Amino acid sequence: MNIKETEQLLKDVRDGQTSIADALETLRNLPYSDLGFARIDHHRELRTGYPEIVYCAGKTVQQVKEIFGVMAGRETNVIGTRASREMYEAVVSSVPEATYYDVARIISVRKAPAPPQQESIIGIITAGTSDIPVAEEAAVTAELLGNTTLRIYDAGVAGIHRLIDKLPEIRKCKVAVVIAGMEGALASVVGGLVDKPVIAVPTSVGYGANLGGISALLAMLTSCSAGVTVVNIDNGFGAGFTASMINKL
């Protein structure tokens, strides 16, 4: 339940269209639904402006199906990250509106009106093609939360002219999400070229000394470019979500 829905419920009680008993019944189920294996937070959107988002990895197919069923049944927009196609097939069998984004590995269900579209843009930039799955998780997350994105892929420091060509477009963005594996240098480069906040996403892409993304993470954390902040390894969702919050300020 979001702020508008809560306001409407209170207005309906005031105007006599909803009884106090019915309103109490609605509010009784507001905080969360207990499924035994999960307690779904229905209060999240009221507190933060965004509904609870489901991290699907590590859950069973049946658990994901039940969670989506409960959330969609409350006319809530639902986003599930790190979801397999098998999970999607289970969800869509009971929630036909479900959509699957293969590269991003995201399931979404739209039951309520989409968030207002922002005029300002979020830039999504990758160092290499191998970073695109994480970038798509960031881009799709941001788009589902009501943002316009600009994708610039395969613009890493090994061919820096590919980035320089795109600087006029990047400078029109309100915030940039920079995704890089290997040594993670691209975030520092972008941070030194634009007057926008940069959200750096280290990826696990790289040879042995990349240490599954640790090298890129440490490089981004020790960046000398001001305005660069860092999320966890491969955390495209976290970057897209934070970029959305910045874009809507």
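The values are calculated or read from the model by the stated rules, or taken from the named source; none is laboratory data. A quick note: this is a predicted structure, and the numbers were derived from the prediction, not measured. For neighbour counting, all protein chains shown are included, and Cβ atoms are generated from backbone atoms with ideal geometry for every residue, glycine included.
For this structure, a couple of remarks:
- Criterion violated by M71 - all others in (1) farther than 30 Å from P202 by Cα; (2) crowded, with 19+ Cβ neighbours inside 10 Å; (3) over 19 Å from the mean Cα position of the chain (by Cα) satisfied: (3)
- Matching entry among G212, G240, G159, G208 (being out of contact with any Leu (no Cβ under 6 Å at 6 or more places or on another chain), closer than 30 Å to V109 by Cα and not polar (S, T, N, Q)): G240
- Residues that are surrounded by fewer than 24 Cβ atoms within 10 Å (Cβ to Cβ) and not polar (S, T, N, Q) within the range 183-204 comprise E183, A185, V189, G191, G192, L193, V194, D195, K196, P197, listed in sequence order.
- Set V140, V189, V201, V194: member being in a strand (DSSP E or B) and closer than 28 Å to Q118 by Cβ: V201
- Residue tally, condition among the polar types (S, T, N, Q), within 16 Å of F237 (Cβ to Cβ) and modelled with pLDDT under 90, over the range 51-109: 1
- Restricting the range 134-157 to residues that are surrounded by fewer than 19 Cβ atoms within 10 Å (Cβ to Cβ) and at pLDDT 95 or above, the residue that is farthest from the chain's Cα centre (by Cα) is Y153.
- Taken over the range 82-121, the criterion of being closer than 15 Å to F241 by Cα, in contact with a Lys or Arg (Cβ under 7 Å, 6 or more places away or on another chain) and assigned to a strand (DSSP E or B) is satisfied by I121 alone.
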